Amino acid sequence: MSTTTKQVIAVVVSILVAGVAVYGSYFPMRKAEIFIATLQGLQAQPVSSLNELESRLAVPLDYTSPIGQEELVRNTANNILGFISQGADPTSTAVLVSFLNSYYAPIIARGKGMSFGQDLYLMGAINETAYAHTGNPAYLAAAQKYYEEGVAFGPNRPQALYGLFDVYHAEGNVASSTAIGERILSNWPTDTNIAKALQSLSSTTTSTSAITPVP
């Protein structure tokens, strides 16, 4: 092998190594730094409008990086869940859920990932909380969909099972609530709250069936 060939190979290898370092290390690190700076900036200088909040949150989420997007979307979801849980008004809730959906949609559609079960739970919890604060049944339906997908993905994951129990209970679906509650107790028999809830459901069913219809 000639000296020139060796030099060419060395240059090519150096470029590849540098490219991997930038693409696989620098971009993810920079994305994380921008996200942290964004959160710190929101604490130091609160936003004056929902549009401004979306614009600032979108900066790290839109930053190009081969890895790190799912983690940042998940962290953003946790922050939005906290904001909605504090009693956001219906308009703010709708805007924030829609904003989050735009980033979570491709992750959910992919249907896999190391923390995919957590992603499904978060989307379920956010929609369930949005329903609690707005009364919009579309959020409850979305929460049910995500929780059911979470149970299918991880049949014994407690978060999805408990979330689904709450949704069925809110819908007044006694049969499904009972089935999920019994499933929870089969895994965690010491959960007295679920046991009491099942007793209450049983009493309600018995009382309803005992009513004599008026002719």
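All of the numbers you see were taken from the coordinates with simple rules; none came from a lab. This is a predicted model, so every value here is computed, not measured. For neighbour counting, all protein chains shown are included, and Cβ atoms are generated from backbone atoms with ideal geometry for every residue, glycine included.
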Open item on the list: Taking the number of other C-beta atoms within 10 Å as the exposure measure, put 96, 198, 42 in order starting with the fewest.
Closed with: 42, 198, 96
TODO: Using the number of other C-beta atoms within 10 angstrom as an exposure proxy, rank 26, 63, 121, 139 with the fewest first.
DONE: 26, 63, 139, 121
TODO: Between the alpha-carbon centers of region 59-109 and region 122-185, tell me the distance in whole angstrom.
DONE: 20 Å
TODO: Among 145, 112, 31, rank each residue by its count of other Cβ atoms within 10 Å, from fewest to most, as a rough exposure measure.
DONE: 112, 145, 31
Open item on the list: Checking the a/c ratio against 1.5 first, then a/b against b/c, what shape does the Cα gyration tensor give for region 137-210?
Closed with: oblate
